[in-house]
Protein chains: 2
Amino acid sequence: MLEQMGMAAKAASYQLALLSSREKNRVLEKIADYLEAQTDDILRANEQDLADARANGLSEAMLDRLALNPARLQGIANDVRQVCQLADPVGQVIDGGLLDSGLRIERRRVPLGVIGVIYEARPNVTVDVASLCLKTGNAAILRGGKETWRTNAATVKVIQQALEECGLPAGAVQAIESPDRALVSEMLRLDKYIDMIIPRGGAGLHKLCREQSTIPVITGGIGVCHIFVDESAEIDPALKIIVNAKTQRPSTCNTVETLLVHQKIAAAFLPALSQQMAKSGVTLHAADNAMAQLKGGPANVVPVEAAQYDDEYLSLDLNVNVVSDLDEAIAHIRQHGTQHSDAILTRTLRNADRFINEVDSSAVYVNASTRFTDGGQFGLGAEVAVSTQKLHARGPMGLEALTTYKWIGFGDDMIRA
Amino acid sequence: MLEQMGMAAKAASYQLALLSSREKNRVLEKIADYLEAQTDDILRANEQDLADARANGLSEAMLDRLALNPARLQGIANDVRQVCQLADPVGQVIDGGLLDSGLRIERRRVPLGVIGVIYEARPNVTVDVASLCLKTGNAAILRGGKETWRTNAATVKVIQQALEECGLPAGAVQAIESPDRALVSEMLRLDKYIDMIIPRGGAGLHKLCREQSTIPVITGGIGVCHIFVDESAEIDPALKIIVNAKTQRPSTCNTVETLLVHQKIAAAFLPALSQQMAKSGVTLHAADNAMAQLKGGPANVVPVEAAQYDDEYLSLDLNVNVVSDLDEAIAHIRQHGTQHSDAILTRTLRNADRFINEVDSSAVYVNASTRFTDGGQFGLGAEVAVSTQKLHARGPMGLEALTTYKWIGFGDDMIRA
């Protein structure tokens, strides 16, 4: 079955690659229209998914993540229309020129081909990913969380109707509907048809993909992010940034998880931190070296466990560790970080430069919140994932990250000398 | 042992990333000097490798590939000095600007970190790869062919002496000296330390890496390249291009392996082809539809076997297949090609455009030889590999392909709204 889907996707990708931006936008507009027109069908499927999820004892928070309603669906349709507004990178000439030999070459941006996306039970991702793939002329094979399989199937049906209405094959966007996990492993070895795998989920999914996939995988989305409070930091603005980085949306991957505090500012800073974190409802997980100054304070404080330096909390919890200097802070980040987003708060130019140069993360910040690591914030318009690996795209991945390039050589009957 | 090497390489990579171009060139110059000064040691090691290889019954052609002599070693040293002349991409600001929020961001080019290279028994590759990695501030872990392990070890010793002389750790360039193949599998799972794997070898090695590696792999270097002779092609220039693409250096991956001939030109073209191929010493492997017009001719002709469309000959052999039109040619290339280099010979603008847009290869040519796919020819100065995958770099990989980028955000105490 997957082999069939792969073949259909590859065949569709050849057609999609030739579409103009106007033709691709026409499909996207139709998808948005159909999502609105067929709201009832999608909501009915979603209700069945929710009923099953409730019967299976999923938490209210989880149920809320799965649930669609007319307003949410309208939001999804609006997002598709937003994608129409984005500039299409396909066809762009990256560079080129006349070679010494006389051959004229150019590097032209082209779609990747077929993109496989494996994601959790978030019903908006289906449309989100499909629209970004279509905008860049790529076919997509989607494997969503099993808790929302009916919602995903209903959504993909709407997308396929829009595609066919525009004279395009339904194979351009397909979903694996079966909840069988073995199909994920099978999908990861479909290197004959799929050009790139994007896992959107937890560390376990990323590990599975890295280990099993014979297709290039974009790993990322796991953020053990750090803020280093340097000796020269100013306490009030530092606290504002920490509150923003920890509490604005704690469940996101660009949320700070560990605070590293220079020992020379610790005595002044930690009591102020405790005050602020008490107000913000954040529990501090303190290293021994920070505990003395924190334990009398108003914030909730517990001792940090070693393993907590290596995991995302994704909640109102924050590690606090006092370091002797910038070197120790950088060493800590190298050891425990996930190369996502890390920040230094400092007034010292040389330390800012050193942090930028020596911390090997997708995004490094000076006196700014780690929360900025986001396709929308970075002006990419939309993001399909956040990469923390070094090949292909790094950090927030916009439309350009869904393309590759080809070299084109124009000769007047040219041979290599 | 590999774990130790990985740790040393990662630690070295942090130092290398901070070097200026001048400092990196100083190391490269010293490597070139030492290669000249210690020619005797390297040649002695090479003689032992050759003696073993001869005892193991390797062919003369293979022995010639393994052999070093003073002139070849001088050539290798000169190549290192050439790398000094190349522009260093590290530190380059790719783009940047002021975001709506007021955050100033830039994307800055940085080294990848640690690069693992697995290659065949070619003694020049060790220095070649090491110098390109060092120039871009990357550490390298090298695993060369077992037939030249002594040569590689002697060469790496010279490189490490040069590194240490410049105050840099020997861990910057390390070689796995043991011929144990299990170490390759172990290396491919060292994702904690190695950022990218480049296999330089045959299809088997690439498959092994794709299947076993948990580190992103650059696959490529396998070229089943096609030339499509369109109805409107001119026969004389077409033959010149085919001779160049087939015979200039048949063992390379950008050599043409299959000729697709438009049926409307076949009657005029095939007899001329046979004449020319007879002169060039090329054996034609003809499809049934080409056999009638070829079998009376002067060239050596045999029937093509189906599997021969999918493999590189790397010799003076060429498949010939008559196709009914451009569509059939494109379909053939999609089915049998390796997305390396494919060319159309035509005088018809629309067909040239269609070929460029519809053939999904790293390099596509109009009226030019496939032999141009090469870092030197493309003006990249040197190439570390030719990629035929779509993530990261595609086609010839120069210095830029050994870098990634990081996002840097500069705030004046900025939080996300």
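Couple of notes before you dig in:
- Going through (1) closer than 19 Å to A:Val359 by Cα; (2) surrounded by 18 or more Cβ atoms within 10 Å (Cβ to Cβ); (3) touching a strand residue (DSSP E or B) at 6+ places or on another chain (Cβ under 6 Å) one by one, A:Val217 falls short only on (1).
- Any hit, segment A:396-409, residues being more than 9 Å from every other protein chain (Cβ to nearest Cβ), in a loop (DSSP other than H, G, I, E, B) and under 30 Å from A:Gly91 (Cβ atoms): yes
- Residue in segment B:229-250 that is open to solvent by less than 40 Å² (accessible area, probe 1.4 Å) and more than 14 Å from every other protein chain (Cβ to nearest Cβ) present: no
- Subset of segment A:339-376 [of a type in the set (Gly, Ala, Ser), closer than 24 Å to A:Asp236 by Cβ and either more than 18 Å from the chain's Cα centre (by Cα) or more than 10 Å from chain B (Cβ to nearest Cβ) (or both)]: A:Ala343, A:Ala352, A:Ala368
- Count of residues meeting criterion [assigned to a strand (DSSP E or B) and at pLDDT below 95] in segment B:335-385: 1
- Hey, B:Glu60 in contact (Cβ under 8 Å) with a residue 24 or more places away in the chain, acidic (Asp, Glu) and either under 30 Å from B:Ala393 (Cα atoms) or open to solvent by 40 Å² or more (accessible area, probe 1.4 Å) (or both) or not: no
- Residues located in segment A:276-296, provided they are part of a strand (DSSP E or B) and either open to solvent by 20 Å² or more (accessible area, probe 1.4 Å) or among the charged types (D, E, K, R) (or both): A:Thr283
- Among the residues making up segment B:176-189, a single one is touching a Leu at 6+ places or on another chain (Cβ under 6 Å) and open to solvent by 20 Å² or more (accessible area, probe 1.4 Å): B:Glu186.
- Some residue of segment B:269-289 being among the aromatic types (Phe, Trp, Tyr) and not assigned by the TED database to the domain that holds B:Asn351: no
- Checking each residue in segment B:318-356 for being over 18 Å from A:Leu18 (Cα atoms) and β-branched (Val, Ile, Thr) picks out B:Val320, B:Val322, B:Val323, B:Thr338, B:Ile344, B:Thr346, B:Thr348.
The values are calculated or read from the model by the stated rules, or taken from the named source; none is laboratory data. If you're wondering where the values come from, they're calculated on a predicted model, not measured in any experiment. Ideal geometry is used to build each Cβ from the backbone, glycine not excepted, and the neighbour counts take in all protein chains shown. Heavy atoms of the whole protein, side chains included, go into the accessibility calculation; ligands, DNA and RNA do not. Shrake-Rupley method; radii C 1.70, N 1.55, O 1.52, S 1.80 Å.
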